[in-house]
Amino acid sequence: MKNTNVIHYYLELCKPRILTLVLLTTAFGFFLAAGGKIPSLLALFELMIGVACVCSGSAVLNHYLERDIDAKMERTRNRPLPLKLIPANHALLLGVYLVLLGVLFLWWRINLLTSFLSLLTSFLYILVYTPMKRISWINTTIGAIPGALPIVGGWAAARGELSIEAWILFAIMFIWQHPHFYSIAWMYKEDYARGGLKMLPVVHPDGRSTLIQIIGFLALLLFISTIPSYIGMSGKVYWWGAWILGFFFLQKGFELVFNPCHFAARNLLKASVLYLPLLFALMIVDITF
C-alpha cells in the first residue's frame, strides 16, 4: 500500500467536512466573544490546533465503534475500516491519542474551561451519541449537544467564561441540527435500516413524526435566531436577515411535508447548509460595520 494512500485513508477517518464545520463555528464563537475582532492570531491558531485534534480524534473513534455498521450500509461500506485498509487497533490508538493531545493542548495554551468543553464534546459524541444510534431515535437530539458545543468553546477561549450570549449561540446550533440531520436520515432511511440504526424515519417509516419534528424545530429556530438582536449581540441588519433566512428554511421544510420525497429532502439539506453560514455572516457584518 502506497504511503499517499495510507495518508488519504487516515484523513478520511478524521471526517474533513465535519472538521471544517467545527473549526468554523469555533472560530465564529471566538470572534463574537472578542467583540468582532481577533485579539490574538496566535491564540486563534492554537485554538484551531487543539480543536482540530479533539474533533479528528473523536471522528476516528466514531469510525472505530461503527465499523460493523458501516460495513452493512451502502453509503459507508467503502470506508477504510470496513474494507480493512487500516488496522482497527491503529485507528483506536490514533483516536485516543488525538483526543488526549487536543484536550491537554487546549488546557496548556488556552484555558481550562475550553479544554473541559472539548473533552465534554468528545465524550458525548463518542460514548453517548454513537451507541445511542443503535438504541433510540432520540439520538439526533443527543448528538445535537456535542454538535453545538464547539461554538461555546470558541466563546470560552476568548473570554474564559460563559454568558447568556454563548448559550444563545448554542441554542441556534442545537436547533439547526435537527432539520439538517433529519433530512439526511430521510434520504438514507433504507440504508440506516440495513445498518440497524434507530433513526426517526426508520423507527416511524410513515414519516409523520419526522415531518412534525422538522417543522417544529424550523419554527423554533425562526424565533430563537432573532434573539441576538434583542440582547445587543447584533442589530437590525441581522434581525431582518434572520427572519428572511428563517422563512426560506421553513419553506423548504413545508415543501418536504407536502411532497415527502428524496428530492425535497435533499433541497432541505441544501437549505440547511446555506442557512447557517449566511446567518453567521449577517451577524459578523452587523457587529463589524
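Coordinate-derived values only; no laboratory data. These figures come from a predicted structure and were not determined experimentally. All Cβ positions, even for glycine, are placed from backbone atoms using ideal geometry, and neighbour counts span all protein chains on display.
Here is how the numbers come out for the structure above:
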read-out	value
Rel. contact order, % - alpha carbon contacts under 8 angstrom, at least six apart, the chain	18 percent
Relative contact order of segment 1-160, pairs being alpha-carbon contacts under 8 Å that are 6 or more residues apart, as %	33 percent
Segment 65-217, relative contact order [Cα under 8 Å, separation at least 6], %	22 percent
Rounded FRET efficiency, nearest 0.05, which uses the C-beta distance separating residue 274 from residue 254 and R0 of 22 Å	0.85
Over the chain, equivalent-ellipsoid semi-axes from the Cα gyration tensor in Å	30, 28, 15
Calculated P(r) of segment 211-260 - Cα pairs past 14 Å, %	51 percent
Cα-Cα over 30 Å, subset of 15/236; 84/252; 72/270; 37/252; 37/133	15/236; 84/252; 37/252; 37/133
Between segment 263-286 and segment 75-125, the alpha-carbon center distance in angstrom	28 Å
Spacing of the two label points (7 Å from each Cα toward its C-beta) at residue 83 and residue 266, in nm	2.3 nm
Sites residue 43 and residue 223 - FRET efficiency at Förster radius 30 Å, r taken between beta-carbons, to 0.05	0.30
Expected 222 nm ellipticity per residue - DSSP helices of 4 or more, -39500 (n - 2.57), all of the chain, to 500	-25000 deg cm²/dmol
Length added when fully stretched, residue 244-residue 231, from 0.36 nm per residue minus Cα-Cα	2.7 nm
Cα-based equivalent ellipsoid of segment 1-160: semi-axis lengths in Å, sorted from largest, via gyration tensor	29, 18, 13
Alpha carbon convex hull of segment 155-289, volume per residue in cubic angstrom	112 Å³
Charge sum, other residues only, whose C-beta stays under 13 Å from residue 259's C-beta, Lys/Arg counted +1 and Asp/Glu -1	+1
Efficiency of FRET from Cβ geometry, residue 8 and residue 208, R₀ 35 Å, rounded to 0.05	0.25
Ordering of 142-151, 215-224 by packing [mean C-beta count within 10 Å, highest first]	142-151, 215-224
